[in-house]
1. Considering (1) under 19 Å from residue 118 (Cβ atoms); (2) surrounded by 15 or more Cβ atoms within 10 Å (Cβ to Cβ), say which one residue 172 fails and leave the rest.
2. Which residue, of 66, 58, is under 25 Å from residue 127 (Cβ atoms), touching a helix residue (DSSP H, G or I) at 6+ places or on another chain (Cβ under 7 Å) and either assigned to a strand (DSSP E or B) or not assigned by TED's automatic domain parsing to the domain that holds residue 140 (or both)?
3. Taking the condition surrounded by fewer than 20 Cβ atoms within 10 Å (Cβ to Cβ), touching a residue at least 40 places away in the same chain (Cβ under 8 Å) and not assigned by TED's automatic domain parsing to the domain that holds residue 66, does residue 227 pass?
4. Does residue 206 qualify as being outside the structural domain of residue 66 (by TED's automatic domain parsing) and at positive phi?
5. Taking residue 28 as the residue in question, decide whether it is surrounded by 11 or more Cβ atoms within 10 Å (Cβ to Cβ), modelled with pLDDT of 70 or more and in a loop (DSSP other than H, G, I, E, B).
6. Pull out all pairs, ordered by first then second residue, where Cβ-Cβ is under 9 Å, the residues are six or more apart or on different chains, the first lies in the range 151-179 and is at positive phi and without any contact (Cβ under 8 Å) to a residue 24 or more places away in the chain, and the second is surrounded by 21 or more Cβ atoms within 10 Å (Cβ to Cβ) and part of a strand (DSSP E or B).
7. Given (1) surrounded by 15 or more Cβ atoms within 10 Å (Cβ to Cβ); (2) closer than 30 Å to residue 40 by Cβ; (3) touching a strand residue (DSSP E or B) at 6+ places or on another chain (Cβ under 9 Å), identify the lone condition not met by residue 164.
8. If you check residue 99 against the conditions, is it modelled with pLDDT of 90 or more and over 30 Å from residue 147 (Cα atoms)?
């Protein structure tokens, strides 16, 4: 038996079509973090009008520090005073994938912004890619600086009673990722649950509301899953997203 495929005008045929993209292409502006540079996506080049600029500054507000800021603003410019110690070069080239751009010389950026450098510890490329957000008040795109387990508990018997997103490990293997409004109380609960851990990494910056705590916990659990073929940490019984639903 033979079938004849119906020939129709495909611009108005009652179907929704899957859009073709090449490689990783997102409609949202993203940057991929690498040790020597940042790769700006096509969408980033377009939305930030990067082709009109030669350089870019990464900045926080005057009343903030690079360690505790939650937003790292991206400020394209054409300033050139011969020094450019705080101004990073934008490089375009024909070989760049789909006409994106490279922001070069970012080693000093990682030294200044520890939360950003933490992304380089991931093994999976998708975990080193961040989606830019737009700040209506400043009129600028920014990188959200999430809590990245920047602190390690020296004395396991004396944790601070602070709100935090935390990561518990045993013999170098992550056992549990979570969030709490009181780290000292939560670690006592984990001991009662007989969860083994000999290392506690945590962050308290950007964890001042329950919404932020849950959002950051969810972010890190999902990053762990990407690194481990979709598996949760051994003592995370369900993802935050399922728990909230």
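The values are calculated or read from the model by the stated rules, or taken from the named source; none is laboratory data. Only a predicted model underlies this, so the values are computations on that prediction, with no experimental measurement involved. Heads up, the Cβs are rebuilt from the backbone with ideal geometry, glycines too, and the neighbour counts pull from every protein chain shown.
1. Residue 172 satisfies every listed condition except (2).
2. Exactly one of 66, 58 is under 25 Å from residue 127 (Cβ atoms), touching a helix residue (DSSP H, G or I) at 6+ places or on another chain (Cβ under 7 Å) and either assigned to a strand (DSSP E or B) or not assigned by TED's automatic domain parsing to the domain that holds residue 140 (or both), namely 58.
3. Against the criterion (surrounded by fewer than 20 Cβ atoms within 10 Å (Cβ to Cβ), touching a residue at least 40 places away in the same chain (Cβ under 8 Å) and not assigned by TED's automatic domain parsing to the domain that holds residue 66), residue 227 qualifies.
4. On the way: outside the structural domain of residue 66 (by TED's automatic domain parsing): yes; at positive phi: yes.
It is true that residue 206 is outside the structural domain of residue 66 (by TED's automatic domain parsing) and at positive phi.
5. Considered against the rule, which asks whether it is surrounded by 11 or more Cβ atoms within 10 Å (Cβ to Cβ), modelled with pLDDT of 70 or more and in a loop (DSSP other than H, G, I, E, B), residue 28 comes out as yes.
6. none
7. Condition (2) is where residue 164 drops out.
8. No, not satisfied.
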